[in-house]
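Comments concern the structure below.
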Amino acid sequence: MHKLLYFVVGILLLANIITCQYPVDSSTLPEPKKFLVIDAALTDKFAKVTVTYTLSEVTPQGGYLLPTPPVATAYVLDSHGNRTDFNPNGTKDTLFRGVVGETYKLYVQADGQVYESAAETMRACPELDSLTAIYSRESSRSPDDQLYDGFDVYAEFKDIPNQESFFQWDWIHYRRTFSCDVKDGYLLPCTPYDCWTIGYNEKVIVQSDKLRDGQPIAHKITRIPFATPPNKFYYLRVEQRAITASVFTYLKSLEIQTQNTGSLFDIPAQTKFSPNIFNVNNPREQILGAFSVYSSRHKVLNINMQQEINGVKAKVNIDLRPFTPVPLLQAPCTETLYRTQIKPESWMD
């Protein structure tokens, strides 16, 4: 994202990191034009809606001013006409629970304009039966590459028969952090001691059940390095989602765009506008974002990094900077998107 001049998510990350569910590339857009972003996720566990603009203006120095959000309201109607209102600032509403089989439409008013989504029905998500980590050595890589020795992680499940299904996977990685800052070349220990750094998936991972209806499916989620420390176990939380057809098509096009670079941060191709959100009075308006309705399942995988595999031991990565010699000099473990004091589910030391 950061390598593209007008890549929308790069701007959004500065304003509110990862409030958008799906990335959009506006590198080919006319410089002076400002685009509305409507990005919403409605799930069986929560819902959230983000309404913002791509950018405000470019400064004489070539920098970007953060967008001023529009005056907006957002709500969802189900097939029975039941209405649920949401804050359009991307706040996650955990009191909302979508229902499998129910159909929803999103309605947004932003700076006097009215937008609505196509009707999207929540699909049932099969149980995520297992996560399997398979060790391999990729000789095509340099031995200095972190992933030269590593594990390919697969999600395994049985597809629901007689139901056209579309899947998306996402993951989060936690690792215990012992240093929360650096001062004068010294590492400062975290306070409190229990502190974790959070890493996020940056790829689009999707698949349909075409030709696999009702059969067992295994899909590769990621590859992780066989390396330690700081933790004995490598922690990975994988989420499996049953998404709608329109969002699958949208994400599949992004996956194809990024398969050569391997990251959403390097999308080279044409901008993808919303597949299912439209301006009621001006259907030709180009909107960024998507309305995604899905149910999900998740599992946690802990991989022992102190095991020896076929005579191979984990690569040892050590920060050679020493911890501060000053007694009681510490740095706070501050709750952010990338750091937390909350112990991850099923954590193993």
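The values are calculated or read from the model by the stated rules, or taken from the named source; none is laboratory data. Quick caveat: nothing in here was measured; it's all calculated off a predicted structure. Virtual Cβ from ideal backbone geometry, glycine too; neighbours counted across all protein chains shown. Remember, those area values only see protein heavy atoms, side chains included, never the ligands or the DNA or RNA. Shrake-Rupley method; radii C 1.70, N 1.55, O 1.52, S 1.80 Å.
Results for (1) modelled with pLDDT under 95; (2) surrounded by 14 or more Cβ atoms within 10 Å (Cβ to Cβ); (3) closer than 30 Å to Ile277 by Cβ, shown as yes or no for each residue.
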| position | (1), (2), (3) |
| --- | --- |
| Phe291 | no, yes, yes |
| Ser296 | no, yes, yes |
| Ile318 | yes, no, no |
| Val326 | yes, no, no |
| Ile342 | no, no, no |
| Glu345 | no, no, no |
Of all residues making up the stretch 215-230, the number that are open to solvent by 20 Å² or more (accessible area, probe 1.4 Å) and either among the basic types (Lys, Arg) or part of a loop (DSSP other than H, G, I, E, B) (or both) | 5
Going through (1) closer than 30 Å to Val312 by Cα; (2) at pLDDT 95 or above one by one, Asp144 fails only at (2)
So, in the stretch 47-84, of the ones that are over 24 Å from the mean Cα position of the chain (by Cα), at pLDDT 95 or above and charged (D, E, K, R), which residue ends up most open to solvent (accessible area, probe 1.4 Å)?
-> Arg83
Val100 fails exactly one of (1) open to solvent by less than 70 Å² (accessible area, probe 1.4 Å); (2) under 27 Å from Lys45 (Cα atoms); (3) not polar (S, T, N, Q), namely (1)
Matching option when the condition is in contact with a strand residue (DSSP E or B) (Cβ under 8 Å, 6 or more places away or on another chain), free of Cβ contacts under 8 Å to residues at least 24 places away in the same chain and farther than 30 Å from Gln341 by Cβ, among Ser136, Ser140, Ser208, Ser165 | Ser136
Selection within the stretch 298-316 - among the basic types (Lys, Arg) and either open to solvent by less than 90 Å² (accessible area, probe 1.4 Å) or touching a Gly at 6+ places or on another chain (Cβ under 6 Å) (or both) | Lys299, Lys315
Counting only residues that are in contact with a Leu (Cβ under 8 Å, 6 or more places away or on another chain) and open to solvent by 50 Å² or more (accessible area, probe 1.4 Å), the stretch 123-151 contains a total of 1
Quick check: anything in the stretch 242-259 in a strand (DSSP E or B), open to solvent by less than 40 Å² (accessible area, probe 1.4 Å) and under 26 Å from Leu288 (Cβ atoms)?
-> yes
